[in-house]
Amino acid sequence: MVEFSFIHAADLHLDAPFKGIYGQDENIAQLLTQATFKAYDALIDLCLEEEVDFLLIAGDVYNSQVRSLKGQLKFLEGVKRLSEQNVQVFVVHGNHDPLGTKSLAITWPENIYFFPADRVVWEKARNRQGRPVALVGGVSHDSPKEQRNLARQFDPPRSDFFKIGLLHTNVGDLAPKAPYAPCQLKDLLSKDVGYWALGHIHDRRIMHQDPYVVYSGNIQGLHINESGQRGCYLVRVFETGGLELEFKSLENVLWQTIEVDVQGVSSLSHLQETILNECLKPAVNKSVVCRIKLSGRTPLSKELNRDDLLEDMLNFVRENLSGVEPFIWVKDIFVDCRLDVDFNSVKQGEGLLAEIIRISEEFKQEPERVNSVLKELLTHHKIRKIVPELSSSEGQQLIRQARLLCWDGLEDNRK
């Protein structure tokens with residue numbers, strides 16, 4: 001074997017909107033519209049800096065079936081840069097940008113290959129000197145809800161070349177809400193493939209070694225639940241057939257949840273200063289969009305249950321961080337505080353308050369039950385426009401607020 005290297009990336013989602021930002025701060029929203037493009041620039045820069053032989057993209061180059069003009073031209077720009085250095089690009093399409101959807105009539109450089117959707121094709125990957133070093137097999141999604149088990153279609157030809165499988169897929173039940181191109185790990189391991197370059201799951205993970213089955217994750221987080229570093233894998237294949245993987249961070253904007261312990265914080269002014277100090281702690285040379293999560297036992301818990309107070313506090317924090325570069329923008333403040341009360345002793349007692357606390361504890365263990373309990377309300381056409389289906393964290397927040405409201409009302413009556 002000849003030693004070579006490649007980069008495995010996926011889920012570029014070029015020109016994706018950032019969920020939950022538009023309508024809150026238009027200046028920040030405009031900055032964020034460039035984040036996926038800048039992360040893509042960083043990906044191309046990395047390919048050139050590391051002098052890799054080829055780039056693999058495992059699906060969802062674009063964020064939508066209606067591929068934006070900006071997204072397509074940006075992708076073309078990067079491919080041309082790689083073409084100038086004789087770097088090949090291999091692409092499969094995923095559920096967001098299936099092959100059957102519309103695209104511009106673009107003339108692509110010879111260095112890029114888009115895999116078809118009707119069958120698995122095996123292409124020779126070459127190093128920068130033009131020498132074949134590996135076989136790359138791939139197949140694209142044909143529709144946005146691909147139901148075929150595409151992994152079973154991979155039948156590598158007999159060859160001494162190192163074999164790589166390129167696929168956008170849901171292995172097992174990793175994406176229950178988007179179960180497209182489903183397969184099982186055993187389907188992948190049964191094939192004579194040395195490295196599976198997978199896309200679709202936005203969190204990076206190495207599912208198996210020897211052979212490697214790898215999700216690279218997306219190159220730029222798109223919302224608060226995609227926090228932490230995002231990027232790609234730099235893979236080196238040695239003459240012996242051994243592999244070395246190295247994660248490379250690419251994100252332009254970092255999503256974070258910043259935990260603030262309110263234990264011992266007894267005034268709102270003290271709390272505001274504590275939040276500001278925690279926001280300024282992250283020593284990263286990147287822009288940050290964050291959620292502030294307040295937790296711990298505090299006498300301020302009742303005040304923090306007021307939406308108007310939280311809104312004022314959020315505006316205060318944003319204003320005081322407005323001059324920070326790179327920018328730090330607080331998306332919201334999530335309250336998970338406890339009253340300075342021993343709920344455990346109360347729920348052991350009798351009466352309505354004890355029963356409410358016991359029920360709320362049950363719901364805390366299964367927050368998804370909130371949607372089923374509110375099913376009739378949430379399906380009303382007027383309510384549906386205002387309140388969508390609740391996420392797990394939003395369900396927890398609703399339970400917490402309901403318990404505090406009940407506590408406040410019933411305790412006042414008891415006094």
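The values are calculated or read from the model by the stated rules, or taken from the named source; none is laboratory data. Since the structure is predicted, the reported quantities are computational estimates derived from the model, not experimental observations. Please note: Cβ atoms are built from the backbone with ideal geometry, for glycine as well, and neighbour counts cover all protein chains shown. Accessible surface is based on the protein model in full, side chains and every heavy atom, while ligands, DNA and RNA are left aside. Shrake-Rupley method; radii C 1.70, N 1.55, O 1.52, S 1.80 Å.
Scanning the range 331-354 for residues that are modelled with pLDDT of 70 or more and open to solvent by 80 Å² or more (accessible area, probe 1.4 Å) turns up Q348, E350, L352. Taking (1) part of a loop (DSSP other than H, G, I, E, B); (2) over 26 Å from N86 (Cα atoms); (3) without any contact (Cβ under 8 Å) to a residue 60 or more places away in the chain; (4) within 29 Å of the chain's Cα centre (by Cα) in turn, P116 satisfies each apart from (2).
Of everything in the range 17-27 that is in contact with a helix residue (DSSP H, G or I) (Cβ under 9 Å, 6 or more places away or on another chain) and more than 13 Å from E251 (Cβ to Cβ), the residue that is most open to solvent (accessible area, probe 1.4 Å) is Y22. I'd like to verify a number: residues in the range 280-304 that are open to solvent by 20 Å² or more (accessible area, probe 1.4 Å) and either among the β-branched types (V, I, T) or assigned to a helix (DSSP H, G or I) (or both), how many? Matching residues across the range 280-304 total 2. Condition check for S68 on (1) more than 23 Å from R204 (Cα to Cα); (2) buried (at least 16 other Cβ atoms within 10 Å of the Cβ); (3) of a type in the set (G, A, S); (4) modelled with pLDDT under 95: one failure, at (2). Among the residues in the range 33-52, are any open to solvent by less than 20 Å² (accessible area, probe 1.4 Å) and assigned to a loop (DSSP other than H, G, I, E, B)? Yes, because at least one residue in the range 33-52 is open to solvent by less than 20 Å² (accessible area, probe 1.4 Å) and assigned to a loop (DSSP other than H, G, I, E, B). Please go through the range 194-214 and give me each residue that is open to solvent by 10 Å² or more (accessible area, probe 1.4 Å), touching a residue at least 12 places away in the same chain (Cβ under 8 Å) and either in a strand (DSSP E or B) or of a type outside the set (D, E, K, R) (or both), ordered by number. Answer for the range 194-214, where residues must be open to solvent by 10 Å² or more (accessible area, probe 1.4 Å), touching a residue at least 12 places away in the same chain (Cβ under 8 Å) and either in a strand (DSSP E or B) or of a type outside the set (D, E, K, R) (or both): G194, H200, I201, H202, R205, I206, M207, H208, P211, Y212. Only one of the listed residues (A197, A175, A134) is out of contact with any strand residue (DSSP E or B) (no Cβ under 7 Å at 6 or more places or on another chain) and among the hydrophobic types (A, V, I, L, M, F, W, C). That residue is A175.
Let's see how each residue does on (1) surrounded by fewer than 17 Cβ atoms within 10 Å (Cβ to Cβ); (2) part of a strand (DSSP E or B); (3) over 21 Å from the mean Cα position of the chain (by Cα):
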{"site": "K145", "(1), (2), (3)": "yes, no, no"}
{"site": "D155", "(1), (2), (3)": "yes, no, yes"}
{"site": "R158", "(1), (2), (3)": "yes, no, yes"}
{"site": "D173", "(1), (2), (3)": "yes, no, no"}
{"site": "P176", "(1), (2), (3)": "yes, no, no"}
{"site": "K191", "(1), (2), (3)": "no, no, yes"}
